[in-house]
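The values are calculated or read from the model by the stated rules, or taken from the named source; none is laboratory data. All of these numbers come straight from a predicted model, not from anything done at the bench. Virtual Cβ from ideal backbone geometry, glycine too; neighbours counted across all protein chains shown. Quick note on the areas: whole protein, heavy atoms, side chains included, nothing else; ligands and nucleic acids left out. Shrake-Rupley method; radii C 1.70, N 1.55, O 1.52, S 1.80 Å.
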Amino acid sequence: MKYSLLLIAFLSATSVIADETPTSNIIINCENPEKGTACQEAQAKINPMNADMSAENEPKEDFLAKGSVARISVIGQGVAPMNTSSPAQAYALAKRAATADAYRLLAEKVKGVRIDGQDLVKNMMVQRSTVRTTVQAMVKNANVVETTFKEGLCEVEMEIVLAHSQFSN
Amino acid sequence: MRSRDGNRTSTLSIFKLILFFYSLTLSASEYLISYRYVVKDAILFNEKLDISKSMHKCLGNPLTPLILENDGNHNLIEIISQNEEEFSSYLHQLGLNVKHSEFNLNNQNSSTTVLTLKTTCFKVDFNDNFVRIAPLK
């Protein structure tokens, strides 16, 4: 009797331990670079849980590493109005418009765009489709690299340099 | 004991010194400048530069200055209008608020971009050959 009780306790303990251990104990070492991807696929097939875990544990790559700089370059376009009194005025006005466009592109790249869309469907037909995008940002220290003016279209190439130290505080 | 006349001269000289330094502080000019321009559908729609003399003393330290050529003129509006491009690019360097909205209705697009420099106090030093303009922050 005493031995049978001990046996039951031992069996229940082993079953509890078996539940806690992973479904597979096969471990494939993927250190060999030649077999790299095939090896990882095989590992994922054997134990998908482990594959997910390894993806989560991978160190996230910083966009802007410490001590490095990122250079963001855009080209803004602007058009001269039809009723200008001189080509010089047309150039000046088109350049302003192109600069504003370049600023907008920089803001979009660095800060992002808010997009709202709405479609109205009536009797299975699209009646009205609207997309509204907005950007709001403060842009400092943007430099004009190059300005070109051809056939009424002005293009301003603008760049901004982002340093890690600007975001570290 | 000192005579009253002797005390009077020293008091006058101190008073003159105070007046001199007070006049110096009055001649150091501070201006409030704001700038805004609107671009609609890639065409410049409106541009506005407001310049006015500050009615009270501004606080803050001057940042990187802009030096414009001057021939003894003490009118800031005239000086800026003579060097409009240079001043405009300097304002861009200082930083502008960008507000852009784009609207697409049934595949037809329209956009509005507003660039703004909020009202900022600038310290302006007029010299014989040049003017030094620096924003205070």
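The condition (being within 30 Å of A:Val113 (Cβ to Cβ) and without any contact (Cβ under 8 Å) to a residue 12 or more places away in the chain) is satisfied by just one residue among B:Leu105, B:Leu96, B:Leu115: B:Leu105. For the stretch A:131-139, the count of residues that are open to solvent by 40 Å² or more (accessible area, probe 1.4 Å) and under 21 Å from B:Tyr35 (Cβ atoms) is nonzero. Within 12 Å of chain A (Cβ to nearest Cβ) and closer than 18 Å to B:Leu136 by Cα, is that true of B:Leu63? Spelling it out, B:Leu63 is indeed within 12 Å of chain A (Cβ to nearest Cβ) and closer than 18 Å to B:Leu136 by Cα. Restricting the stretch A:124-153 to residues that are closer than 21 Å to A:Leu106 by Cβ and in contact (Cβ under 8 Å) with a residue 60 or more places away in the chain leaves a set whose member that is nearest to the other protein chains (Cβ to nearest Cβ) is A:Leu153.
Of all the residues in the stretch A:74-101, those that are at the interface with chain B (Cβ under 10 Å from one of its Cβ atoms) and touching a residue at least 12 places away in the same chain (Cβ under 8 Å) number 15.
Within the stretch A:102-116, the set of residues being at the interface with chain B (Cβ under 9 Å from one of its Cβ atoms) and either farther than 30 Å from A:Ala163 by Cα or open to solvent by less than 20 Å² (accessible area, probe 1.4 Å) (or both) comprises A:Tyr103, A:Leu106, A:Ala107.
Taken as a whole, the condition of being surrounded by fewer than 12 Cβ atoms within 10 Å (Cβ to Cβ) and in a strand (DSSP E or B) does not apply to B:Ser101. For A:Val131, the conditions (1) under 18 Å from B:Phe103 (Cα atoms); (2) at pLDDT below 95 all hold with the exception of (2).
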